[in-house]
1. Going by amide H atoms built from the backbone, whose H comes under 5 Å of the H on residue 126, apart from near neighbours?
2. Considering the chain as a Gaussian network with a 10 Å cut-off on Cα pairs, which listed residue, 270, 233, 144, attains the greatest mean-square fluctuation?
3. Collect residues whose amide H, placed 1.01 Å from N in the peptide plane, falls under 5 Å from the amide H of residue 72; neighbours closer than 5 in sequence don't count.
4. Tally Lys and Arg at +1 and Asp and Glu at -1 over the other residues with C-beta under 12 Å from the C-beta of residue 196: what net charge comes out?
5. Taking neighbour counts of Cβ atoms within 10 Å as a proxy for exposure, in what order, fewest first, do 94, 23, 247 appear?
6. Using a Gaussian network model of the chain whose springs link C-alpha atoms within less than 10 Å, name the residue from 83, 248, 187 with the highest mean-square fluctuation.
7. Report the extension gain between residue 28 and residue 233 in nm, rounded to one decimal, defined as 0.36 nm multiplied by the number of residues separating them, less their alpha carbon distance.
8. For a test of the definition: using alpha carbon positions, the gyration tensor, and the 1.5 limit on a/c, classify region 150-278 as rounded, prolate or oblate.
Amino acid sequence: MAIPYISGLSVKPLSISALGVVTFTDGTNEVQPNQAQCEAYGYTYDKASGTCSIFRYNTNLNRSFDNVNNSVKGSQNSTETGTNNTLIMGESNTVRGFSRNNIISGSGNEISNGINDSKISGKMGKVIRQGEVVLGGGSYNIGAGYTQSSKIQLSNKTTNESPTNLNVQDIVGEYITVQRNSILGLTIYVTRLETGGTSGTLGHFSYRIHRGAVRCDDVGALTIYSHNTQLIAKDGSLGHIEVVDSTTASIPSVTLQVTGAGDVNNLWTATAYLHELATNIAI
């Protein structure tokens, strides 16, 4: 039976995925609800991912079926369904479902659903990006992920002058997720290496630092503030770099976009240091 519209709202639930994520409709198109719309229908809203869910994979029941090769030391730690090859040392830490190869050391930390190959330490930090290394900063004791710093790796290749987005962990379409109601400071170390091409010179390179910040509001709209790019060393040309909005499927994100030259084969890699301050107040 179709769910009716709640008075005053122009969207309503349409479907629920196997992971419990609720998709809404405006009567014509599928849409992602905001927090108020999600909670009006009694669902749970995840600010980090911008998703609305009907349930969580909380798994005292299912753990024995789906969680293997985990080592948990300490009290009140939780691993949800599909958590594999994970080490937890501390107290009150949570690993959401369907994640692999993660390490937690500390208290009150959280690894989000579907995250692999990450590491987190400190207090009340939250991993929301693939392969991320996080240091939690306490988060005012109101929830994981409000104050923290982290590091991630990005890479890609170019063979011409087409602008190209760098991918987190070399996973196509995986970018730097930005929490809603947050400020994300960025310091990105970028290396470019020419490996060939009819116009390329083997061994030419550039090494730069790009600094800036991103503000994400309550509905996921991003404002990018790029402060400066500093050249550290080069041999040959530079290519162009800039931070761009890479929001996909209503999940706010940014990435580093690079531009090479025609008929020049370039390898690009970047180490991004992130400084996050989030709030539970709409900004």
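1. 110, 145
2. Greatest mean-square fluctuation among the candidates belongs to 233.
3. Amide H neighbours of residue 72, under 5 Å, 5+ apart: 88.
4. Values: positive: 157; negative: 194, 263.
Residues near residue 196 contribute -1 overall.
5. Details: 94 21, 23 15, 247 18.
With the sparsest Cβ surroundings first, the list reads 23, 247, 94.
6. Most flexible of the set in this elastic network: 248.
7. Values: separation 205, 0.36 × 205 = 73.80 nm, distance 5.31 nm.
Using 0.36 nm per residue and subtracting the Cα-Cα distance, I get 68.5 nm.
8. Details: a/c = 2.52, a/b = 1.87, b/c = 1.35.
It comes out prolate by the Cα gyration axes.
Only the coordinates and a few stated rules stand behind these numbers; no lab work does. The shown structure was predicted, so the numbers you read here are calculated from the model rather than taken from an experiment. Neighbour counts are summed over all protein chains in view; Cβ atoms, including those assigned to glycine, are modelled from backbone coordinates with ideal geometry.
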